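One structure below.
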Amino acid sequence: MLRSGIKPDRLTYPFVLKSMAGLFLKELGMTIHCMVLRCGIEFDSFVRVSLVDMYVKVEKLGSAFKVFDESPERFESGSSALLWNVLIKGCCKAGSMKKAVKLFKAMPMKENVSWSTLIDGFAKNGDMDRAMELFDQMPEKNVVSWTAMVDGFSRNGDCEKALSMFSKMLEEGVKPNAFTVVSALSACTKIGAREAGLRIHKYIKDNGLHLTEALGTALVDMYAKCGDIESASEVFGKTKQKSILTWTVMIWGWAIHGHSEQAIACFKQMMFAGIKPDEVVFLALLTACMHSGQVDIGLNFFDSMRLDYCIEPSMKHYTLIVDMLGRSGQLTEALRFIERMPVNPDFEQMAWHACTSPEI
């Protein structure tokens, strides 16, 4: 565009700045800022919001504040809300909650999104007491604020409270969205609350929620970790859009339930679907082989991850191989494997793994 002699304008720069943020190009983003100044459009509201957003996302909070402080419209009610919300979200993401609260209090007009952003910020920074306090003060609660609370409690380990919030949300007549449901299912998964998971699955069916990749994955994970591998497999089959995470949780499900043949078959289906495995998929496959005593297949997978997919094994992969050899009674091979490891293992601990692994 520049080579063609066409000058960018106020409508062009926001898209360019968004690209800089997405690609984490700090220096280039600053160069674009200089171009904005030379064009004399730095006071355009859309350009300023884009500049603040760019600086926030490339982790230059000081520069974001500088642009914000130079914005003459920031104390005008209504028109400046987006500018404030972008900066508050940036502070929350950076863990600067004191700055976020100071901004929130100084806002000329607090919208629902402002409340929800700060609530979510406290939740993601592990302060559920402050999140709850703010949530209780919120004049008009909406699905976003409720979701922030459900997700926050689940994320911070208070899964029963997360499920309680989800139930209360339904009682209040607020309709959960897919994000809320995924957060509630995550809570069920963490504490093995199968009955609560069943009720949530019924809600999904009764309300016609589309089985997206995220929703399908959450259901598969919940059923698998709550001991219902058949239901996990059924939901997996009905989930049309499968990501590598969807395949991984299904392979893990088969593996932890001792169904190594199904785990390997699922892996082959994943490969046929054109999805490239990662290190977590191989952890699941090695776990399946370890539980079933399929040493040769497990060793083949271990070699394949390096030779075919250029994935460097982690200590977890090595430990699974040692456990697998130990469980099959091949202690000499386990010790030789430890000696050949390119990483520096705790030899005594690895040898202990091999010697104490229960034989299959």
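Below is a table of values for the structure above.
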quantity: Subset of the range 47-75 (residues that are of a type in the set (A, V, I, L, M, F, W, C) and surrounded by 15 or more Cβ atoms within 10 Å (Cβ to Cβ)); calculated: VAL47, VAL49, LEU51, VAL52, MET54, VAL56, VAL58, LEU61, ALA64, PHE65, VAL67, PHE68
quantity: Residues located in the range 1-41, provided they are assigned to a loop (DSSP other than H, G, I, E, B), exposed (fewer than 14 other Cβ atoms within 10 Å of the Cβ) and modelled with pLDDT of 80 or more; calculated: LEU23, PHE24, GLY40
quantity: Helices (runs of 4 or more DSSP H) contained entirely in the range 138-193, each with at least 2 residues that are of a type in the set (Phe, Trp, Tyr); calculated: 143-155
quantity: Residue satisfying condition, being farther than 26 Å from ASN142 by Cβ, crowded, with 17+ Cβ neighbours inside 10 Å and outside the structural domain of ALA265 (by TED's automatic domain parsing), within set ALA162, ALA232, ALA196; calculated: ALA232
quantity: Residue that is farthest from ALA193 (Cα to Cα) [pool: residues in the range 136-158 that are of a type in the set (D, E, K, R) and touching a residue at least 24 places away in the same chain (Cβ under 8 Å)]; calculated: GLU140
quantity: Subset of the range 128-157 that is over 18 Å from the mean Cα position of the chain (by Cα) and among the charged types (D, E, K, R) - its residue that is nearest to LEU219 (Cα to Cα); calculated: LYS141
quantity: Among (1) surrounded by fewer than 17 Cβ atoms within 10 Å (Cβ to Cβ); (2) more than 30 Å from LEU211 (Cα to Cα); (3) charged (D, E, K, R); (4) over 23 Å from the mean Cα position of the chain (by Cα), the one test that LYS316 misses; calculated: (4)
quantity: All positions within the range 6-22 that are out of contact with any helix residue (DSSP H, G or I) (no Cβ under 9 Å at 6 or more places or on another chain) and not polar (S, T, N, Q); calculated: ILE6
quantity: Conditions (1) surrounded by 14 or more Cβ atoms within 10 Å (Cβ to Cβ); (2) in a loop (DSSP other than H, G, I, E, B): number failed by LEU219; calculated: (2)
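The values are calculated or read from the model by the stated rules, or taken from the named source; none is laboratory data. What you see is a predicted model, and the numbers here were worked out from it, not measured in a lab. A quick note on method: Cβ atoms are made from the backbone with ideal geometry, for glycine too, and the neighbour counts reach across all protein chains shown.
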